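Engineer: One structure is given below, represented as structure tokens, and several questions about it will come after.
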Amino acid sequence: MVKAVVLGASGGIGQPLSLLLKASPLVDELALYDVVNTPGVAADLSHISSIAKVSGYLPADDGLKHALTGADIVVIPAGIPRKPGMTRDDLFKINAGIVQTLAKGIAEHSPKAFVLIISNPVNSTVPIAAEVLKAAGVFDPKRVFGVTTLDVVRSETFTQEFTGQKDPAQTVIPVIGGHSGETIVPLFSQAKPAVTIPADRYDTLINRVQFGGDEVVKAKDGAGSATLSMAYAGFRFAQSVIKAAKGEKGIVEPTFIYLPGVEGGDAIRKQTGVDFFSVPVELGTSGAEKAIDILGVVTDQEKKLIDTAIQGLKGNIEKGIDFVKNPPAK
Ligand code: NAD
Ligand code: LMR
């Protein structure tokens, strides 16, 4: 039996993500939580003739507690999205508090669940969730993931013109670092099957992956950021976590994790100097079972990108940790 929970289920990502989870044969129970509209979204989804039993909760009547109790996997797309001209860090002021509150709920009601954080800025919200869970004495680094799959999905899509593959997802491209601008580092040298990017197209391709989110924010022109591609990516990652938890072997996904708590993570932490970093992670029954160190095999160009990413990440991570340790005056 798998109970999946979506926190922020009525939003632009939350609704299509909930649809994909409802349609998945891997999910037996689906609980939707949001500050608005979940009764309607749950009623609508409940008419779909798939396995999952759907329920919707609002904050009233201990809704968060009821949604989370018994959860195996909790996906969090709650929080405000960007408008043109904003950075992901501009979302911190509002989203930090939202993720903190939801993480407290998880600590209390579903401390053993896998926690998948989509809310931006991911580079800071994952450290926030980790700090909250640590303070409650229930932090398991193998179970807390920053979802960076959209960067992987974009890399696959934008590289298709060079791979010639009909299905872009057949090319596996590790994306490491974090999830914002220059902290996103696609490693095209590690693509499988191998792909050759013409030298005069490399910088443009890197830039498009790093700033793919801005492309959507600009096109939506004030109506938000990526929602449908994110729902696809969030579902793809959630599905991998569930399949691995059910015992499927050999599933590897890049994800933003707390390195010191995952096998293989310490070596990567020593090289990067940061506690949180996205790397390909082998998933298993207990979550993030092994962080795969691919830093040693990168090109000189990629090494420079990684150095820049680390500089950006340090401040983002500190900001998240500090938010919990030294709460801002209200
Ligand atoms: P949205 O505004 O459409 O939806 C957000 C939902 O969160 C709303 O329904 C809102 O009511 C709900 N919410 C707000 N406060 C809440 C709380 N305390 N508890 C529960 N729910 C709450 O936004 P969206 O487009 O779905 O984006 C959501 C977040 O995901 C944003 O922060 C966005 O930047 C981020 N995002 C991340 C990625 C990624 O790759 N990780 C990609 C796209 C978007
Ligand atoms: C994305 O990469 O699309 C998301 O992080 C949303 C954003 O703000 O760009």
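Condition check ((1) part of a strand (DSSP E or B); (2) farther than 22 Å from Arg143 by Cβ; (3) modelled with pLDDT of 95 or more; (4) hydroxyl-bearing (Ser, Thr, Tyr)) across all residues:
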site: Glu248; (1), (2), (3), (4): no, no, yes, no
site: Phe256; (1), (2), (3), (4): yes, no, yes, no
site: Val279; (1), (2), (3), (4): yes, no, yes, no
site: Asp307; (1), (2), (3), (4): no, yes, yes, no
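Engineer: Tell me, please, whether a residue that is in the same structural domain as Asp275 (by the TED database), open to solvent by 50 Å² or more (accessible area, probe 1.4 Å) and on the phi > 0 side of the Ramachandran plot can be found in the stretch 160-172. Spell out the reasoning first.
Structural biologist: The first filter runs over the stretch 160-172 and keeps only residues in the same structural domain as Asp275 (by the TED database), leaving 160-172.
Restricting the remaining residues to those that are open to solvent by 50 Å² or more (accessible area, probe 1.4 Å) gives 160-161, 164-167, 170, 172.
From what's left, on the phi > 0 side of the Ramachandran plot: 164.
The answer is yes, given that some residue of the stretch 160-172 is in the same structural domain as Asp275 (by the TED database), open to solvent by 50 Å² or more (accessible area, probe 1.4 Å) and on the phi > 0 side of the Ramachandran plot.
Engineer: Now, a different point. Please work out which residue is surrounded by the fewest Cβ atoms within 10 Å (Cβ to Cβ), limiting yourself to the stretch 211-235 and to residues that are of a type in the set (S, T, N, Q) and near ligand 2 (Cβ under 8 Å from one of its atoms). Before you say what the answer is, go through the steps one by one.
Structural biologist: So in the stretch 211-235, the residues of a type in the set (S, T, N, Q) come out as 225, 227, 229.
If we keep only those that are near ligand 2 (Cβ under 8 Å from one of its atoms) too, we end up with 225, 229.
Values: Ser225: 24, Ser229: 19.
For the stretch 211-235, the residue satisfying everything is Ser229.
Engineer: I need a count of the residues in the stretch 84-123 that are acidic (Asp, Glu) and within 15 Å of ligand 2 (Cβ to nearest atom).
Structural biologist: Let us first name the residues in the stretch 84-123 that are acidic (Asp, Glu), namely 89-90, 108.
The next check asks that each one be within 15 Å of ligand 2 (Cβ to nearest atom); those that pass are 89-90.
Residues in the stretch 84-123 being acidic (Asp, Glu) and within 15 Å of ligand 2 (Cβ to nearest atom): 2 in total.
Engineer: Next up: Yes or no: Val36 in contact (Cβ under 8 Å) with a residue 12 or more places away in the chain and within 14 Å of ligand 1 (Cβ to nearest atom)?
Structural biologist: On the way: in contact (Cβ under 8 Å) with a residue 12 or more places away in the chain: yes; within 14 Å of ligand 1 (Cβ to nearest atom): yes.
Yes: the conditions hold for Val36.
Engineer: Right, next: Is there a residue being near ligand 1 (Cβ under 10 Å from one of its atoms), touching a strand residue (DSSP E or B) at 6+ places or on another chain (Cβ under 7 Å) and either touching a residue at least 24 places away in the same chain (Cβ under 8 Å) or not acidic (Asp, Glu) (or both) anywhere in the stretch 104-112? Step through it out loud before you land on a result.
Structural biologist: Of the residues in the stretch 104-112, the ones near ligand 1 (Cβ under 10 Å from one of its atoms) are 105.
Those still in the list that are touching a strand residue (DSSP E or B) at 6+ places or on another chain (Cβ under 7 Å) too: none.
No, there is no match, as no residue in the stretch 104-112 is near ligand 1 (Cβ under 10 Å from one of its atoms), touching a strand residue (DSSP E or B) at 6+ places or on another chain (Cβ under 7 Å) and either touching a residue at least 24 places away in the same chain (Cβ under 8 Å) or not acidic (Asp, Glu) (or both).
Engineer: Then there is this: Cβ-Cβ under 8 Å, sequence separation 6+ or interchain: first residue in the stretch 91-103 and under 17 Å from Asn316 (Cα atoms) and within 8 Å of ligand 1 (Cβ to nearest atom), partner assigned to a helix (DSSP H, G or I) and of a type outside the set (Asp, Glu). Which pairs?
Structural biologist: What qualifies is Asn95/Thr125.
Engineer: Pick out the one residue from Val75, Val132, Val138 that is closer than 23 Å to Leu21 by Cα, at pLDDT 95 or above and not assigned by the TED database to the domain that holds Ser278. Please lay out each step first, then the result.
Structural biologist: Working: Val132 fails: closer than 23 Å to Leu21 by Cα; Val138 fails: closer than 23 Å to Leu21 by Cα.
Matching residue, one of Val75, Val132, Val138: Val75.
Engineer: Do you know which of the residues in the stretch 125-155 that are more than 16 Å from Thr255 (Cβ to Cβ) and within 16 Å of ligand 1 (Cβ to nearest atom) is surrounded by the most Cβ atoms within 10 Å (Cβ to Cβ)?
Structural biologist: For the stretch 125-155, the residue satisfying everything is Ile128.
Engineer: Still on this structure, I have one more. Starting from residues that are open to solvent by 30 Å² or more (accessible area, probe 1.4 Å) and within 16 Å of the chain's Cα centre (by Cα), keep the ones in the stretch 251-292 and report whichever is farthest from Leu21 (Cα to Cα).
Structural biologist: Top of the filtered list is Tyr258.
Engineer: Please go through the stretch 236-250 and give me each residue that is open to solvent by 30 Å² or more (accessible area, probe 1.4 Å) and touching a residue at least 60 places away in the same chain (Cβ under 8 Å), ordered by number.
Structural biologist: Matches in the stretch 236-250: Arg236, Gln239, Lys243, Ala245, Lys246.
Engineer: Could you please let me know if Ile268 is more than 21 Å from Ser24 (Cβ to Cβ) and either away from ligand 2 (no atom under 16 Å from the Cβ) or at pLDDT 95 or above (or both)? If you could, list the steps in order and put the result at the bottom.
Structural biologist: Details: more than 21 Å from Ser24 (Cβ to Cβ): yes; either away from ligand 2 (no atom under 16 Å from the Cβ) or at pLDDT 95 or above (or both): yes.
Criteria met by Ile268.
Engineer: Go through the stretch 1-120 and tell me which helices (runs of 4 or more DSSP H), entirely inside it, have 1 or more residues that are of a type in the set (S, T, N, Q) and open to solvent by less than 70 Å² (accessible area, probe 1.4 Å). Full working, then the answer.
Structural biologist: Numbers: elements: 14-23, 38-46, 63-68, 92-109.
Correct list: 14-23, 38-46, 92-109.
The values are calculated or read from the model by the stated rules, or taken from the named source; none is laboratory data. Being a predicted model, the structure only gives us computed values, none of them experimental. A quick note on method: Cβ atoms are made from the backbone with ideal geometry, for glycine too, and the neighbour counts reach across all protein chains shown. Accessible surface is based on the protein model in full, side chains and every heavy atom, while ligands, DNA and RNA are left aside. Shrake-Rupley method; radii C 1.70, N 1.55, O 1.52, S 1.80 Å.
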